[in-house]
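The values are calculated or read from the model by the stated rules, or taken from the named source; none is laboratory data. Treat the numbers as computed from the prediction; the structure is a model and nothing was measured. Note: ideal-geometry Cβ built from the backbone for every residue, glycine included; neighbour counts use all protein chains shown.
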Amino acid sequence: MTTARRTGGLALLAATLLTTALALPPAAAATAPRAPGPAPVPVLDWQPCGEGLEPFLCASAEVPRDHDRPHGATTTIALTLLPASGDPAERLGTLFTNPGGPGGSGVQFVQEGAQTIYPEDVLARYDVLGFDPRAVAGSDPATCFRTAAEEAASPLLTQPYPITPREEVRFTLEGIELAARCQLTSPVRFATASTANVARDMDLLRQAVGDERLHYAGYSYGTFLGATYARLFPDRVGRFLLDGTVDPVAWTGTGTGDAAPSVPLGIRIRQGLGTDETFREFARLCAEAGPEACPLAALGDPAAVAYATFERLATQPVEIPLPDGTSLLVTQQVAVAVTYSALYSPAGWPDLAGLLAALAAPAPDPAAVASTAAGTRSVLGARLRGEEYPSAIGGALASLCVDTVSNGRVDRYPRLIDAHAQEAPYFGRYRGWVGLPCEAWPVQDADAFTGPWQQTTTAPVLVVGTRFDPATPYRQTEPYRDLFPAGHLLTLEGWGHTTIGKSVCVDEHIATYFVTGVPPADGSACAPDTTPFATAPTARVAPRPDVPPGLPFW
């Protein structure tokens, strides 16, 4: 693994840049949440969504921009609804959803995935509602650039992480510049974008659809939104599915040890460790499957071959053609980022193995690399397929940075991330730098909620975790369950990010819980439907996505 040499100038430069960035309007200190007050309940005028979306209804809602001023300025929330398919007399209510991110589109999630993600019994008894959280996608989005094209072309977002000391200085400068740009472009939207305000919006929407309690399915970041809602409105928690859990203490940086504010956000959320664990499982299963099912196994130990390939790409990148006539250098950083994203979906692991095998060739064929990369779930794969992909960095940073407590010591990042990368080779470095812009974030939301996180709701809550999840490591699942007095843990003994589309057994437990209100016994476990690289999957009624649609590639 490449080890960066330290330079004494980084601390001085970073401190100077941070001081400059913080010369923007002063941050409002995060405080305990205030009562949302008697905000008007939105009136939802559901209308057909249009051609190609015939099963769905669409609407928008006006909610207070600042819940401390319930009759003041408003912000617009975009919504969609898949009406219950069964007998209206047996309808149980509305199932609210969030696909994660932060920055994932709930509208896209429901329109692209709800009909295949949720079991028939759930679709028959619930209206399924998706909404874009405030500052995201169709809900008055917070932006850091004037146009999507400008964002896509910005050099501030082209390098996933730095390797050398020179790159670290540049990456630090660009991260701080990005934070400043966001504040200049959408200062008001960022200043009210906390997850606590999204939870308050969600409670108004609950009232708008006429439900006494909120029924909710949250994935990844959506579990942080769920934990926030439960803390603010414990008596209004209904049937809650929380899948792919985020540690709220580590996320906000309000703990001790590796959850302390002095630890970079990218280390606190443990994605480097989760990806390392999942990648080692990928390599183990590849080796077991052998060269016929996993081409990477033909080259030797899959993990060792991949690491050697990453190392070589640091100095010998591969240039591949793109459909628009341009080209892209596949550097170490690009290969690691693609691998991280591809690990979300175990159905795509053969494609990932093919890509790594093509890159590992002594003289990689650019056409072969491009062909195999097109099958992966990643920004690169989407570009090679000619698809649009989520690129709105503002929506991701909106909640991430205003909810996070950090100490602003960017000069300590290289040393801390070097140590983290020893625990999680390559992936620790990639994910360790992810929160850098938040260190220079000058505007906070005074209504953000940062704990305490021990829950008081008595409603039975279903907490679900996947044994090998790169983005929300399984090690966080039991502690998250323990936050809820009536938490019930269900484990998928499988792979990938969230349990969506991966196990009929999990689906059956979820359906029973939402229809009857009875969760599975605490500590229950399910097997996955298939093993990666297997040639004979079990029968599936219909093809389904196995990660949340609408989830950004970040």
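Filtering A260, A303, A289, A297 for residues that are in contact (Cβ under 8 Å) with a residue 60 or more places away in the chain and not polar (S, T, N, Q) leaves a single hit, A289. When restricted to residues that are assigned to a helix (DSSP H, G or I) and either crowded, with 24+ Cβ neighbours inside 10 Å or more than 18 Å from the chain's Cα centre (by Cα) (or both), the stretch 437-447 contains 2.
For every residue, the table says whether it meets (1) of a type outside the set (A, V, I, L, M); (2) out of contact with any strand residue (DSSP E or B) (no Cβ under 8 Å at 6 or more places or on another chain).
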residue	(1), (2)
T185	yes, yes
G218	yes, no
T245	yes, no
I267	no, yes
D276	yes, yes
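The listed residues are T143, T75, T94, and the only one of them that is polar (S, T, N, Q), modelled with pLDDT under 95 and over 16 Å from the mean Cα position of the chain (by Cα) turns out to be T143.
Screening the candidates A471, A398 for the property of being in contact with a helix residue (DSSP H, G or I) (Cβ under 8 Å, 6 or more places away or on another chain) and part of a loop (DSSP other than H, G, I, E, B) yields one hit, A471.
Flag: T252 does not match the condition of being crowded, with 20+ Cβ neighbours inside 10 Å, among the hydroxyl-bearing types (S, T, Y), closer than 30 Å to A358 by Cα and touching a residue at least 60 places away in the same chain (Cβ under 8 Å). If the condition is being of a type in the set (D, E, K, R) and either assigned to a helix (DSSP H, G or I) or touching a His at 6+ places or on another chain (Cβ under 7 Å) (or both), then the stretch 344-369 contributes only D351. The residues in the stretch 501-536 that are more than 28 Å from G290 (Cα to Cα), part of a loop (DSSP other than H, G, I, E, B) and β-branched (V, I, T) can be counted, and the count is 1.
When the stretch 405-432 is filtered for residues that are part of a loop (DSSP other than H, G, I, E, B) and surrounded by 24 or more Cβ atoms within 10 Å (Cβ to Cβ), only Y426 remains. Among helices (runs of 4 or more DSSP H) entirely within the stretch 41-154, having at least 3 residues that are of a type outside the set (A, V, I, L, M, F, W, C) singles out 106-117, 120-125.
Hey, any hits in the stretch 179-195 for a residue that's crowded, with 24+ Cβ neighbours inside 10 Å, of a type outside the set (A, V, I, L, M, F, W, C), within 19 Å of the chain's Cα centre (by Cα) and more than 22 Å from P40 (Cα to Cα)? No, that holds for no residue.
Scanning the stretch 446-462 for residues that are under 23 Å from V515 (Cβ atoms) and out of contact with any Asp or Glu (no Cβ under 8 Å at 6 or more places or on another chain) returns T458, A459, P460, V461, L462. Reported count of residues in the stretch 474-493, each being assigned to a strand (DSSP E or B) and crowded, with 24+ Cβ neighbours inside 10 Å, is 2.
The stretch 214-333 holds strands (runs of 3 or more DSSP E) entirely within its bounds, and those carrying 2 or more residues that are within 29 Å of I500 (Cβ to Cβ) map to 214-219, 237-243. Screening R146 with (1) crowded, with 18+ Cβ neighbours inside 10 Å; (2) charged (D, E, K, R); (3) out of contact with any Gly (no Cβ under 8 Å at 6 or more places or on another chain); (4) free of Cβ contacts under 8 Å to residues at least 60 places away in the same chain gives one miss only, at (1). Can we say A59 is touching a Leu at 6+ places or on another chain (Cβ under 6 Å), without any contact (Cβ under 8 Å) to a residue 24 or more places away in the chain and not aromatic (F, W, Y)? Here the answer is yes, as A59 does meet what is asked. Would you check if L22 is at pLDDT 95 or above and within 28 Å of the chain's Cα centre (by Cα)? So L22 does not fit the description; no.
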